[in-house]
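> Below are the structure tokens for one structure; questions will follow.
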Amino acid sequence: MTRKTGYVWHEKYAWHDTGTHAGLVPSGGYVQPYRNFESPDSKARLAGLVEVSGLLEQLVRIPAVEASDADLLRVHTSGHVERIRSQSLAGGGDAGDGFSPFGASGFEVGKLAAGGTLAAARAVLDGTVDNAYALVRPPGHHAEPDQGRGYCLFANVPVAIEALRAEGRLSRVAIFDYDVHHGNGAQKIYWDDPDVLTISVHQDGLFPVDTGQVSEQGAGAGAGTNINVPLPAGSGDGAYWSAVERVAGPAIRAFAPDLIIVSSGFDPSAFDPLGRMSVTSNGFRGIAERLLDIADDACDGRIVFSHEGGYSAVHVPFCGVAVLEVLSGITTDVEDPFQISIGASPTRTLTAWQTDVIDRSAALARALGMIVTE
Ligand code: 9RB
Ligand code: ZN
């Protein structure tokens, strides 16, 4: 079965300028100038493969439009928005933590990333498309109300959600984040909101180092609506599939959202320079298949992916096309050449110590009434 899949990409996403860092660190002294891990490469090359594979002409192209100031201010403080605006006007700056550099177009491209996610979600709610993938940059899942963090300027997913809630088109949402880093932004923004379920599966203690534990469950009216699955370094396809099957699936089905938004990071890839996981493109395919099944059961298939991290310029294109094939139900001729080197690795299979974390997360969600069956 093929589905109508919306797709957002804008050339300006590749123009977001993260400077001449060497990976994570600024150049200088003995550190030769190179480029930031968060460079245009992985995303632009994914956009390239979407076109060359023939997928592009079978997807429904959704234009990205900039989020408005009002859209940003539903989630962010005016201090944060003005700091990004004024630093951009001055030629560039940093969004907050010293690890989120941007150039003169930072404010504009940041608004385009949030607006691209919003356009994709709106098209799914309108029924213009069945589901959608917003290939946006810069990412958003670390951004907090008053500061950017970890390469993120604005909280793309929450900005989209709050715009649609303000329009009265949306009330209950589930956010599922499979980026290798913890989705601290959505966790913080929706900490006490009972209508937004936030689930993050990530590498334990990677970034931010001090958030993402199983014990963080939300508070007040939102108690029980935040679920973390901090998998140990080395986890692969089996651990991720199990986390989706045993935690995300039951929780999202019980929550009965109107829409699922996925923070889609490909940095759990076995080839990522920042993460220490070992997910293959077939692993991401399996995650997407499971999420689509959950969306079919929970909300008529309404699901939107918003791109986050993923820094292997050579592997990300194959991971992204695998996910787009699942969303659209279209099979291309693309075969992932990397699958040969990692497809049979023992890191694919679920281990007892990974199951342990998933057990703890599922047990807590069950105790809090977030999971009613498993
Ligand atoms: C900080 C450091 C980081 C580490 C990881 C990311 C990746 C983000 C991503 C960004 C910044 C170091 C804050 C090292 O891909 N998210 O999806 N910064 N790490 N030292 N300090 C103080
Ligand atoms: Zn990440």
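The values are calculated or read from the model by the stated rules, or taken from the named source; none is laboratory data. Only a predicted model underlies this, so the values are computations on that prediction, with no experimental measurement involved. No Cβ is skipped: glycine too gets one built from the backbone with ideal geometry, and neighbour counts run over all protein chains shown. For accessibility, only protein heavy atoms count, side chains too; no ligands or nucleic acids. Shrake-Rupley method; radii C 1.70, N 1.55, O 1.52, S 1.80 Å.
> Could you look at the chain and say what percent of its accessible area is carbon and sulfur, using a 1.4 Å probe and all protein chains?
Values: 7210 of 13550 Å².
Carbon plus sulfur share of accessible area: 53 percent.
> Send over a whole-number figure in Å² for the accessible area per residue of the range 89-149, probe 1.4 Å.
On the way: 1580 Å² over 61 residues.
I get 26 Å² per residue for the range 89-149.
> What does the charge dipole of the chain about its Cα centre add up to, to the nearest 20 debye, if the Cβ of each Lys and Arg holds +1 and the Cβ of each Asp and Glu holds -1? Kindly include the intermediate steps, with their values, before the conclusion.
Numbers: 27 positive and 45 negative charges, 23 e Å.
For this selection, approximately 120 debye.
> Would you calculate, for the chain, the mean residue ellipticity at 222 nm contributed by helices, counting each DSSP H stretch of 4 or more residues as -39,500 (n - 2.57) and dividing by all residues, to the nearest 500? Walk me through the numbers on the way to the answer.
Details: 12 runs with 133 residues, N = 374.
For the chain, the value works out to -11000 deg cm²/dmol.
> Please name whichever of Ala251, His182, Gln213 sits farthest to the positive end of the charge dipole of the range 182-257, dipole taken about the Cα centre and charges placed at Cβ: Lys and Arg +1, Asp and Glu -1.
Positive-most Cα among the choices belongs to Ala251.
> Can you tell which of Gly29, Gly286, Gly212 shows the greatest fluctuation in a Gaussian network model of the chain with Cα springs below 10 Å?
Gly29
> In whole Å, what three semi-axes, largest first, describe the equivalent ellipsoid of the range 1-71 built from its Cα gyration tensor (square root of 5 times each eigenvalue)? Please list the in-between numbers first.
On the way: eigenvalues 207, 61, 13 Å².
With the √(5λ) rule applied to the range 1-71, the semi-axes are 32, 17, 8 Å.
> For the range 49-76 and the range 108-131, compute the distance between their C-alpha centroids and round to whole Å.
6
> Could you work out the per residue convex hull volume over the alpha carbons of the chain, in cubic angstrom?
126
> Where a ≥ b ≥ c are the square roots of the eigenvalues of the C-alpha gyration tensor, would you call the range 164-238 rounded, which needs a/c under 1.5, or, failing that, prolate if a/b is larger than b/c, or oblate? Walk me through the numbers on the way to the answer.
Numbers: a/c = 2.49, a/b = 1.81, b/c = 1.38.
Note, shape of the range 164-238 comes out prolate.
> Give me the compactness ratio for the range 31-149, meaning the Cα radius of gyration over 2.2 N^0.38 Å. Walk me through the numbers before you get to the answer.
Values: Rg = 15.8 Å, N = 119, 2.2 N^0.38 = 13.5 Å.
That works out to 1.17 for the range 31-149.
> Let me ask you something else. How much of the DSSP bridge set in the chain is antiparallel, in percent, rounded to the nearest 5? Walk me through the intermediate numbers first.
Numbers: 7 of 41 bridges.
Here the share of antiparallel DSSP bridges comes out near 15 percent.
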